[in-house]
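The values are calculated or read from the model by the stated rules, or taken from the named source; none is laboratory data. Every value quoted in this text rests on a predicted model; they were computed, and no experiment measured them. Positions of Cβ are backbone-derived with ideal geometry, glycine not excepted, and every protein chain shown enters the neighbour counts. Surface areas here come from the heavy atoms of the whole protein model, side chains and all, with no ligands, DNA or RNA. Shrake-Rupley method; radii C 1.70, N 1.55, O 1.52, S 1.80 Å.
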Amino acid sequence: MSFTTKDILNGLEQAREAGFNDPSLFPQVVRQVLNFVTNDDILIKYWCSTFLKDVFESDTLKYSDKVDLAIDTMESLIYLSNVEDLKIFKHVIDIAITIFKLVFQFVAENDGCEDVWANLNKLKMSLTSKFNGTWPLKDSDDEEKDRFRNLLSKIELIKFIIVVIDYQTYSNSNVNSFNCRMVNINHSLIKRDAIQAEATSLLNNLLDIFKNDVLVPPLINPVIIQLSFLMKRKDQFVTKILTVIENFETHEKLQSNYQTIEEFKLSRKYVDRIIRIFLIHLQKFKLIPGDFQSSMNKKVQVLIERGDEIRRKNIVDPSPLDENIKKVKFTGFANFSKKVKSLEYKDLYSLNDESNQLNFDLSTLPPQVLVTMIMTAMRKVEGKRLNKALDIVSERYKYALENQEELKNKRIKLGMDDEDDDEDDGVTNYDTKSVYNLPPPKELSFQEKREQINMIIRNFFKLSETNIKEVEEAKQEEGINKELTKIAIKHWEKKSWLVILTRLATRGMRTIDSNDHSIDNDKNSELSDLIRNALMDFFLENIHARIDLIIEWLNEEWYSETVYNELKTKNEIKLKYMKEYESGNITDLDYKINEEFEKLDIPTPIYDKWSTKILTSIIPFLEANDRKIFIRLLSDLPVLSPQLVGQIKSLCVDPVRSKLGFLSIQYLLMFRPPVKEACLDVLKQLSEIEDSKEEAEKLLAKFSA
Amino acid sequence: MSETIVKSEVKVPDSLKICTVCAANNNRSMEAHRQLRDAGYNINSFGTGNSVRLPGPSVDKPNVYEFGTPYEEILNDLMSQNNRKTYEANGLLHMLNRNRQVKTAPEKWHLNSYAGKFDLVITCEERCFDSVVDDLMYRLGKGQSENEVSKIVHVINIDIKDDNENAIIGGNGIVELVNMIHEFRRNNKKEVDDPSENILEDQMMKILTEWQKNHSHLQTIYTVAYY
């Protein structure tokens, strides 16, 4: 049985209530909840983070219980710190602050607990390492932009980092909270030099913010405020911090590409004010050493004057001094959206400002010029920047794949069909009155046609292998409609491919208008023969299973050829008598045509050729017991020429298969009167051969009468 | 003539915990307090001065009260003085009459730990802003138990001239800014290209710049601090 998120949350909520109401149950409840931290559902993870925050901030627990729980919670917290969720991460930082304090003191007092110390360091690393990035957000396309992104996590992380620095360095002044001095100097885990060095590097990292070329008040101001706290506790850092402040000047900073000039001017004002408050605060607490006194006093004075000056003016109004403001060199992309607006390459790849597109079609340049341009660009581009650009394009591509339908719909809704796009592309001289034609398709060369036909053949044979669900034949209408609606393919069936392929070979490759002896026609019949050969090979692969196929094909072959030749012959006759008809010598043209036509035999050379080929090919492979399929073939072929019948002779003289041969002849004599003469001829010939003499004479006696 | 305090009801369900701060917690912070309360926000107000100083019969003779002295009491005291006409003319009586309908007494910022932690502190004078930030620096690490973790607070100064009319104009501006911040927080459920667009701390400078452009006469200062 699986529980829904709601069930689990309800259960957790009840446990929480029990824990907060009964302190004796609390540790047990917390440990149970820790099992849910790794639940797949983000809602449950979030619930756990909220719960843990409340637990460690509450006063319900005994100190010793809290320390135990802090130790037990570390692993879950490390896990949660790597969950990509801002709300959870914010909670994690707050929980980590309490846990760090509790566990650090525990290790200080309990030398030898390597595992606990290792986990604490892992937790510390997991958090402090995230300060310079934008975790849990993904980095953007531009480092400069990232300085303004996810300030929330950074502001929260500053708290944690300050706690670490506080705990990992000794305090000279009297403090009533933990002081690193109290740790046994020979502690096997807490090595003073190492932890102090680490703390110093964390502080250096914080102070690096002052060296950024851009100003980010929501980040720099909270650092300044936390420094006021740190300076009171750690006089060893005073010089370092004041040196940084001394060298810091908001008016030397650059305007970011991600802030307006008004925002930049306000930023300078806001940071200046906090520095001023900070310095006056330090003066009040006598935290500025003698050698910094004069420079700091001067700085305060400058800031006060600057503040008064600003007060007199409207800061957001343009001022002549604005000209002195310099901007950071832009290294990002103007169009960095990871969502494409339409399913067009233009939108997929364009990283430039859309409103500022060069009205120039690069595709008009010769390829070699383009190649040179690309090579030069590739050599000049910074690897990191290229990667960022490719990241954006790949994200867009993913988005397009995931939202294909939506993007298509959007196009329809906006009426963005292709014609509109063309207009967008800058075709300004579009004339609605003139008629535009697509360029005629390029004629395929014979070689290309051959390739296409071969591809078509392969595709059709592939189709023959697929299984198609049979569709039940709809009840046919009676009467004349029945004939009118008669078509070869009503539904796509298993054998439909054959109908199309054979018709392509026959009717598809020539028309009545084409000249029989033209080059085109010859070429086309060559293409037809490609299909015919393929069909024959296909049949020969398995004659027993594919006999139906060959019958159908040869029937189509005969039928289409007969119709074609009949029409052609009639046209020729008509042409012959046309003049006489026009001069009045003949009154009934149709009668005359039919009269002449009746006298003629319509030849079917293609059918003859291929039916002979088929028989010649299969007869050597027939076995004594292939009676059924062979007789079937002989009975279902539309026409049997004397040559075809003659082929049976070879069977009759074969001692093993003579029975099959004579049986076939007997069948034809009985059921196909048009070939009776041909059969009798064959029998006569056989009667002159010793081995078949007896059987032949028997049949001759019976049928020649 | 005791009038009951209009019970402050938080009608904005997602209201941040806000407070307004001026020197005496009488004029600017109280006008903004009233307006924000009427708009339904969770609002308190404080003063950063050493004591409550109100205009007296002359510039060198102000009326001085301790923080915590009820507005009603101050009003009665002023009414009992000979200069009642002056106080009526300069709006002092009107102001106190309004105040006693908002809350009982002026409160001192530095002693406000009983009120809990605020998400948004709006000061009405640069001096008060300095005082609040200085105090927040002082509070860091002081008197905090090991359990206590400081939280983020946004401190904004909106410079308002200390008179009746400007207090009302300033109050309007404050309500507008508070609305903008809450509107942003409500909108941030929507899906955006970059999640940063939904983070208040990332967008606060943009919000303030926009507001400042429309209120050039109300100059601002802003910082993120810890509480």
P(r) of chain B over all Cα-Cα pairs, binned every 5 Å from zero, in whole percent: 1, 6, 14, 18, 19, 16, 12, 7, 4, 2, 1, 0, 0, 0
Computed over segment B:58-131, Cα set: Rg, Dmax in Å: 14.6, 43
Descending principal axes extents, segment B:121-179, alpha-carbon based, whole Å: 46, 24, 12
Exposure rank, largest accessible area first [A:676, A:398; 1.4 Å]: A:398, A:676
List B:73, A:323, A:695, ordered by accessible area with a 1.4 Å probe, largest first: A:323, B:73, A:695
Occluded residues from segment B:211-227, i.e. those whose accessible area drops by 30 Å² or more once the chain is not alone (1.4 Å probe): B:212, B:213, B:216, B:219, B:220, B:221, B:222, B:223, B:224, B:226
Principal-axis tilt of helix B:126-139 within chain B, Cα atoms, nearest 10 degrees: 70 degrees
Accessible area per residue in Å² at 1.4 Å probe, computed on segment B:15-58: 25 Å²
Long-range Cα-Cα pairs in segment A:640-705 (distance over 16 Å), rounded percent: 33 percent
Residues in segment A:204-224 that, when all protein chains are in place, have 50 Å² or more less accessible area than the chain alone would give (probe 1.4 Å): A:218
Stokes-Einstein diffusion coefficient of segment A:214-348, Kirkwood radius over Cα pairs, 4 °C, 1.567 mPa s, in µm²/s: 75 µm²/s
Exceeding the 23 Å Cα-Cα cut-off - candidates A:122/A:388; A:101/A:138; A:53/A:124: A:122/A:388; A:101/A:138
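Let me check against my output: what whole-number percent is the relative contact order of segment A:183-333, with C-alpha pairs under 8 Å and at least 6 apart? Before the final figure, lay out the partial values.
Values: 93 pairs, mean separation 43.5, N = 151.
Once normalised by length, the contact order is 29 percent.
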Cysteines without a disulfide-compatible partner [the protein assembly as shown; Cβ-Cβ under 4.7 Å]: A:48, A:113, A:180, A:652, A:679, B:19, B:128
Restraint check, A:154/A:380; A:486/A:676; B:85/B:161; A:130/A:232, Cα-Cα greater than 30 Å: A:154/A:380; A:486/A:676
Compactness relative to 2.2 N^0.38 Å, alpha carbon Rg of segment A:522-642: 1.43
Long-range tail of P(r) for segment A:267-409 (Cα pairs > 28 Å, %): 54 percent
Rounded to the nearest 10 Å², the accessible area of residue A:632 at probe 1.4 Å: 90 Å²
All lysines inside 22 Å of residue A:568 as judged from Cα atoms, apart from same-chain residues fewer than 8 positions distant: A:523, A:576, A:579, A:592, A:599, A:609
Loop-located trypsin sites (Lys or Arg not before Pro) in segment A:238-312 whose Cβ has at most 14 other Cβ within 10 Å (DSSP): A:286
Rg/Rg_globular for chain A, with Rg_globular taken as 2.2 N^0.38 Å and Rg from C-alpha atoms: 1.77
Segment A:45-169: radius of gyration over Cα atoms, expressed as a fraction of 2.2 N^0.38 Å: 1.08
Sequence-distant lysines (8 or more away, or on other chains) whose Cα lies within less than 26 Å of residue A:490: A:462, A:469, A:475, A:482
Computed helical MRE - 222 nm, chain B, DSSP H runs ≥ 4 contributing -39500 (n - 2.57), nearest 500: -12500 deg cm²/dmol
Degrees, to the nearest 10: A:676-687 long Cα axis against longest axis of chain A: 80 degrees
With every protein chain in place, the protein assembly as shown: carbon and sulfur % of accessible area (1.4 Å): 52 percent
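Per residue, how many Å² of accessible area does chain A show with a 1.4 Å probe? Don't skip to the end; give the middle numbers.
Values: 39920 Å² over 705 residues.
Spelled out: the 1.4 Å probe surface of chain A, per residue, equals 57 Å².
Counting only heavy atoms of the protein chains, get the accessible area per residue of segment B:128-227 (1.4 Å probe) and round it to a whole Å² value. Don't skip to the answer; put the middle values down first.
On the way: 3870 Å² over 100 residues.
Per residue, segment B:128-227 has an accessible area of 39 Å².
In percent, how large is the relative contact order of segment B:1-93, given Cα pairs closer than 8 Å and 6 or more residues apart?
22 percent
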Overall form of segment B:1-90 per C-alpha gyration tensor (a/c, 1.5; a/b vs b/c): prolate
Chains A and B, summed buried accessible surface - 1.4 Å probe, Å², nearest 100: 4300 Å²
Buried on assembly, segment A:251-274 (at least 40 Å² less accessible surface than by itself, 1.4 Å probe): A:263, A:266, A:269, A:270, A:273
Convex hull projection area averaged over all views, segment B:67-190, Cα basis, nm²: 10.1 nm²
Value of relative contact order over chain A, rounded to a whole percent, pairs C-alpha under 8 Å and six or more apart: 6 percent
